[in-house]
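To start, the structure under review is shown below, and the notes come after it.
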């Protein structure tokens, strides 16, 4: 409200976005129905009943959170103009031996059907991204782990996706030329038009995002921000969670992170350094939280050793 005109029309759009996000979260149920049906057998009826108490808060909180994030993300140009693309592009090229990473990604893509991976980026990723807290509320009875990953969830969306996104305001390679003019990434545009992704309406999604940016509105899922990559950050969070639940799930979790990182560079939505930074940042916060004392997240009174004196409320 300090940086843009928040009128009635924008508030209505934000309200509708909240409803749409809530519907999207609920729609996850049809994809995860087999898992939901197995929950009573996996955690027991008593455990499931205990977790249902948090379900409403998780659904409502996730819907409002995502709608608010969309509003803030679409407002980044009102806070600070997109300025960081030239240094990010230059650093990205230097880091990869004088070659833009997207060219490496397109070269590698010839070895496998990249179009079959694309749903991971737009569809599969969306389920844990917006429904992760709901999943925690239903399936995880470890209070310490729940709170640790809620903190990590906020790290992905608030610290990386909002605070650092404003600090490093950038649009990414695919929008670089539209923002700054010239033909710095003209070859990327041509490569995407000739790639198998063209049949998956990739250009339509990009046109939608750019039109929303030019209109300065609040469309569902709109807002442009390259550095750092929330896609890769969330994928890293999911991989770490899977590894904590079962050590062998670290393998598919790591493969998921690699696929999201690859697709973010292939499509031109992100510089490779956007993803590298997100992986390091999320892993660092997770490691710090793991080293923190369990009492940090305890919901009950701290247990003192014998003869240690009375507990202070």
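The values are calculated or read from the model by the stated rules, or taken from the named source; none is laboratory data. Here the structure is a predicted model, which means the values were calculated and not measured. Positions of Cβ are generated from backbone atoms using ideal geometry, with glycine treated the same way; all protein chains shown enter the neighbour counts.
Some points to look at:
- Residues of the range 251-276 satisfying the condition of being in contact (Cβ under 8 Å) with a residue 60 or more places away in the chain and within 18 Å of residue 165 (Cα to Cα): 264, 265, 268, 269, 270, 271, 272, 273, 274
- Residues that are more than 16 Å from the chain's Cα centre (by Cα) and at pLDDT 80 or above within the range 141-158 comprise 142, 143, 144, 145, 146, 147, 148, listed in sequence order.
- Scanning the range 162-182 for residues that are surrounded by 21 or more Cβ atoms within 10 Å (Cβ to Cβ) and on the phi > 0 side of the Ramachandran plot turns up just one, 172.
- Neighbours by Cβ (under 6 Å, 6+ apart or cross-chain): first from the range 214-234, modelled with pLDDT of 70 or more; second assigned to a loop (DSSP other than H, G, I, E, B): 224/171; 226/170; 226/171; 226/172; 226/270; 227/168; 227/170; 229/270
- Output for the range 104-115, where each listed residue is surrounded by fewer than 19 Cβ atoms within 10 Å (Cβ to Cβ) and closer than 16 Å to residue 275 by Cα: 104
- In the condition set (1) at pLDDT 95 or above; (2) assigned to a loop (DSSP other than H, G, I, E, B), residue 273 is compliant with all but (2).
- Selection status of residue 243, more than 24 Å from residue 85 (Cα to Cα) and at pLDDT below 90: no
- Flag if residue 136 is in a helix (DSSP H, G or I), buried (at least 18 other Cβ atoms within 10 Å of the Cβ), on the phi < 0 side of the Ramachandran plot and touching a helix residue (DSSP H, G or I) at 6+ places or on another chain (Cβ under 9 Å): yes
- Residue in the range 101-114 that is within 15 Å of residue 268 (Cα to Cα) and not in a helix (DSSP H, G or I) present: no
- Verdict on residue 177 being more than 18 Å from the chain's Cα centre (by Cα) and more than 30 Å from residue 116 (Cβ to Cβ): no
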